[in-house]
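For reference, the structure discussed in these notes is given below.
What follows is calculated from the coordinates using simple rules that are stated; it is not laboratory data. Just so it is clear, the model here is predicted, and its values are computed rather than measured. Please note: Cβ atoms are built from the backbone with ideal geometry, for glycine as well, and neighbour counts cover all protein chains shown.
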Ligand code: GDP
Ligand code: MG
């Protein structure tokens, strides 16, 4: 039997800028009101090693992200700082470590149907300059790669949200122990998922 969609889980981390911008409640509200269920949460200051492992859980991440970033420069008519994808990601990773370890972050696991895709949609695309209006990044940040490249820092986009269902499994294991994830029922799940809506009318 395949697992029902309602059990899909995804990792969301409010990065240190999200905490500093006093957006914790606002960010949580966006996912909560969509009908997703919070099943784990903690706050801590990540170490550089922890962040490096997080980004390199997929052994292909360095190559893929490097190639994607180089393509991004070329698509905009810009010259990439180097043609070597691994050198591009080495620099990205150093900046991500400085960013992510600058203060407390809040890690969460959200559960619900298509939670990976739903969370990405609500969060908006990675570069705030082009994130859609109405998404969390589109509504609350103004950062751009052009500016972060000029200043030699990471893009500040408030949130890390897992990209794929396969990534979710690895990332949740990295951030949480099994016993930190709580299996429980929310009363609203009946109206979201149950086939029969019996019991509403008295
Ligand atoms: P995410 O899943 O939306 O966070 O994006 P990725 O997994 O593709 O990339 C991880 C991180 O690498 C992002 O949060 C950015 O900090 C950085 N990054 C990705 N693509 C680019 C890019 O084209 N330019 C720059 N400067 N940084 C990038
Ligand atoms: Mg990613």
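Annotations for the structure displayed:
- Overall size of the range 52-170 from C-alpha positions, given as principal axis extents largest first: 41, 32, 29 Å.
- With contacts taken as Cα pairs under 8 Å and at least 6 residues apart, the range 58-99 reaches a relative contact order of 43 percent.
- In the range 58-99, the convex hull through the Cα atoms has an average projected area of 3.0 nm², a quarter of its surface area.
- Alpha carbon Rg of the chain, scaled by the compact-globule rule 2.2 N^0.38 Å: 1.11
- Computed label-point distance, nm, for sites residue 43 and residue 94 using a 7 Å Cα→Cβ extension: 3.2 nm
- Inter-centroid distance (Cα atoms) of the range 112-148 relative to the range 4-76, Å: 11 Å
- Cα long-axis angle, helix 165-175 against the chain (0 to 90 degrees, to the nearest 10): 90 degrees
- Counting every alpha-carbon pair across the range 126-172, the share separated by more than 18 Å comes to 41%.
- Label-reachable residues, the range 91-122, where backbone N falls under 18 Å from a point 7 Å from residue 6's Cα toward its Cβ: 110-116, 118
- Computed [θ] at 222 nm, helices only, for the chain once each DSSP H run of length n ≥ 4 contributes -39500 (n - 2.57): -13000 deg cm²/dmol
- Length-normalised contact order for the chain - Cα pairs under 8 Å, 6+ apart - percent: 35 percent
- The range 105-186: translational diffusion in µm²/s, Stokes-Einstein, Kirkwood Rh over Cα pairs, 37 °C, 0.692 mPa s: 230 µm²/s
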